[in-house]
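The values are calculated or read from the model by the stated rules, or taken from the named source; none is laboratory data. From a predicted model like this one, the values you see are computed outputs, not experimental measurements. Because the Cβ atoms are built from the backbone with ideal geometry, glycine has one as well, and the counts that use them run over all protein chains shown.
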Amino acid sequence: MKKAIFSTEISLLRSTMQRLLRRSAHTNITTILRKTHQADVALIMRSFNQYDQNIIFSLCPTALHKARLLEELDESLIEKVLFNESSKNISNIFRYLDTNDQATIIGMFHQNKQNEILKIIEADDKEEVEEIMSYPDDSAGSIMTKETFTLNQNTTVKESIKKLQSFPENDKIFYLYVIDNKDKLVGVISLRTLVTSKNSKKLKEIMIKNIQAATTDTDQEEVAKKVAQYNYLALPVVNKQNRFLGIVTIDDVVDIIREEASEDFLQMAGVGKDREILLKTPLKNAQSRAPWILASLVGGICAAAIINYFNGLLEQIIVLAAFIPVIIGIGGNVGTQSSTIVVRGLATGRVDFTNTIPLILKELIVGSLLGAAYGLLVGLASEYITGSNINNLGLVVGLSIFLSMTIAASVGASVPIILKKLNFDPAISTGPFVTTTIDIIGVALYFYIASAILIR
C-alpha cells in the first residue's frame, strides 16, 4: 500500500518530477507514479502547467491508477486531464469509480461528450449515473453513492454475515441497512452488533429503528452537519416515500465540509465563492472579484460624500482629517471579527435563531469594552499624536471610536443572522458589505460628534 509523504518529501518529489518532465524520462515518471500515493501526485500536479499535467495523467500505469488519481484531483484539473481523452478511455476509467464520482465528472463535459460517455458505460451504471445527475447540485442525491448493501428485515444474522462475505470487494459497507418488502428503509445495524448477535435472530429484532436519514433534495451542508452531530460513518439517503436509494459516506462529508468552508472564507474575504480561484486565469480571477470591489467602491464614494459634506468643518479644524483612517480601520476590524464569529457559528450549528438576541448583546458589550479602552487610549494621546491643543479634541476622537466600535460589533453580529433569516448565504455579509456599512456610519458619526462638540 502506498504511503502518504511529508511536506519536505513533497518538495523533493515535485522537483524530481519537474526534472524528469524536462528530460522526457517517461519510464522513470511511471515508476514514481506506481510507488507514490495518488493524493501526493494530485498535490504536486497543481504547480505544473496543463501540458505537464496531461503528461503525468497519461503515464499512469493502469485505468485503476487513473481512477484513484481522479478522486484526488481538483475539479478544474479533472476537466483538463480528461479533455483530450476519448470517451472509450474515460468509460474504462469509470469502471473503478463510484457512480456519484462518475456523475460529477460527466457533468463537467458539454452535452455531446456526456451522451458519448453514457452510451459506452455499462447499462446498470448508466441508469444510476443518470439518476444521480438528475438531482440538484449540492444536494444529498447528487453526492450519494449507490454501491452499498441492504438486506430484508426478515433475514437472519447468519444469512446476513454469509451474504456480506460474498461481497469482500465492497469497501462502502459501514453499516447494514435494513429494508422491508417494499424497499423502504426500516432500520440500521452496525457491523459490530451484527457479528455479536445470535445467528438465529432476525435483523428486525436487533436493528435500530430510530434512523437519521437525508432525502435526495437535502442540502449537502445539512448532510455534513448531521453526520458530524451523530458521528456517523455514512448517512442513508431516501426518497419522499422512504425508499432506500444510497448513502453519503464520510469521505464525501469531509469534502463537503472543506468545500463549504472554502466558499465561506472566500465570500467573507470578498473574492467570490469559486473554490478553484487559485487555478483560474488572471482575467477570470479579476472578473470574479470585480463585483465585490464595486461594493467597496460604492461605500468609499458614500464615505467621501460625507467627508465633502463636512468640508467646512475640516477647513476650520484640519487636524480632524488625521483620525479618519483610525475611525474607519478600527471599526471595520471589529465588525469583521464579530461577523466572522457569527458566520462560523451559523455554519457549525452553534448559532441559531433561539440564541441570536443574547449573542448580539454579547457582541455589543464586547464592542463597548473594546471601544471604551481604545477610545480612552487614543483620546488621551490625540494631543501628542497631532501636536494640537484644540479643546475637547480627545473627547471627540475617543467618543467616536467608542461609538464606532460598539455599532460595528452590533452590525457585524446582526447582519449575518438577518441574512440567514431571509434565506441568503450569511457568508456574503462579511468583507465588503459589513466593512463598507461600518465605514459610512463611522465617518458620519465622527463628523457629527465633532460638529456638535467643537463648533459652538
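Can you name the helices (runs of 4 or more DSSP H) wholly within region 183-262 that have at least 1 residues being among the aromatic types (Phe, Trp, Tyr)?
220-230
Test SER368 against the stated conditions and say whether it is hydroxyl-bearing (Ser, Thr, Tyr) and surrounded by fewer than 20 Cβ atoms within 10 Å (Cβ to Cβ).
It is true that SER368 is hydroxyl-bearing (Ser, Thr, Tyr) and surrounded by fewer than 20 Cβ atoms within 10 Å (Cβ to Cβ).
So is LEU164 part of a helix (DSSP H, G or I) and surrounded by 14 or more Cβ atoms within 10 Å (Cβ to Cβ) or not?
Yes; evaluated as a whole, the condition is true for this residue.
Could you tell me whether GLU116 is assigned to a helix (DSSP H, G or I) and within 23 Å of THR249 (Cβ to Cβ)?
Criteria not met by GLU116.
Looking at ILE385, ILE401, ILE328, ILE307 in this structure, which one is β-branched (Val, Ile, Thr), under 30 Å from PRO426 (Cα atoms) and either out of contact with any Ser or Thr (no Cβ under 9 Å at 6 or more places or on another chain) or assigned by TED's automatic domain parsing to the domain that holds GLN229 (or both)?
ILE401
What is the number of the single condition among (1) assigned to a loop (DSSP other than H, G, I, E, B); (2) modelled with pLDDT under 75; (3) in contact with a Gly (Cβ under 7 Å, 6 or more places away or on another chain); (4) among the charged types (D, E, K, R) that ARG289 does not meet?
That leaves (1) as the condition not met.
On the given criteria, is ILE390 assigned to a helix (DSSP H, G or I), surrounded by fewer than 22 Cβ atoms within 10 Å (Cβ to Cβ) and among the hydrophobic types (A, V, I, L, M, F, W, C)?
For ILE390, the condition - assigned to a helix (DSSP H, G or I), surrounded by fewer than 22 Cβ atoms within 10 Å (Cβ to Cβ) and among the hydrophobic types (A, V, I, L, M, F, W, C) - is not met.
Restrict the check to region 133-141 and report whether at least one residue is of a type in the set (S, T, N, Q) and surrounded by fewer than 16 Cβ atoms within 10 Å (Cβ to Cβ).
Among the residues of region 133-141, at least one is of a type in the set (S, T, N, Q) and surrounded by fewer than 16 Cβ atoms within 10 Å (Cβ to Cβ), which makes the answer yes.
Kindly establish whether SER142 is assigned to a helix (DSSP H, G or I), under 21 Å from VAL223 (Cα atoms) and among the hydroxyl-bearing types (Ser, Thr, Tyr).
Yes.
Filter region 83-103 for residues that are assigned to a helix (DSSP H, G or I), at pLDDT below 85 and either within 20 Å of the chain's Cα centre (by Cα) or among the small types (Gly, Ala, Ser) (or both) and give the result.
Listed by number, the residues that qualify are SER87, SER91, ASN100.
Quick grid of which residues meet (1) under 29 Å from the mean Cα position of the chain (by Cα); (2) aliphatic (A, V, I, L, M); (3) buried (at least 18 other Cβ atoms within 10 Å of the Cβ):
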{"residue": "VAL343", "(1), (2), (3)": "yes, yes, yes"}
{"residue": "ASP352", "(1), (2), (3)": "yes, no, no"}
{"residue": "GLY375", "(1), (2), (3)": "no, no, yes"}
{"residue": "PHE424", "(1), (2), (3)": "yes, no, no"}
{"residue": "THR436", "(1), (2), (3)": "yes, no, yes"}
{"residue": "LEU445", "(1), (2), (3)": "no, yes, yes"}
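Quick check on GLY398: is it part of a helix (DSSP H, G or I), at pLDDT 80 or above and in contact with an Asp or Glu (Cβ under 7 Å, 6 or more places away or on another chain)?
no
Restricting region 167-205 to residues that are among the hydrophobic types (A, V, I, L, M, F, W, C), farther than 18 Å from LEU233 by Cα and surrounded by 18 or more Cβ atoms within 10 Å (Cβ to Cβ), which is farthest from the chain's Cα centre (by Cα)?
Selected residue: LEU203.
Consider PRO358 carefully, then state whether it is of a type outside the set (A, V, I, L, M) and farther than 23 Å from THR436 by Cα.
Yes; evaluated as a whole, the condition is true for this residue.
When you go through SER87, SER76, SER24 one by one, which is the residue that is at positive phi and of a type in the set (S, T, N, Q)?
Checking each option against the conditions leaves just SER24.
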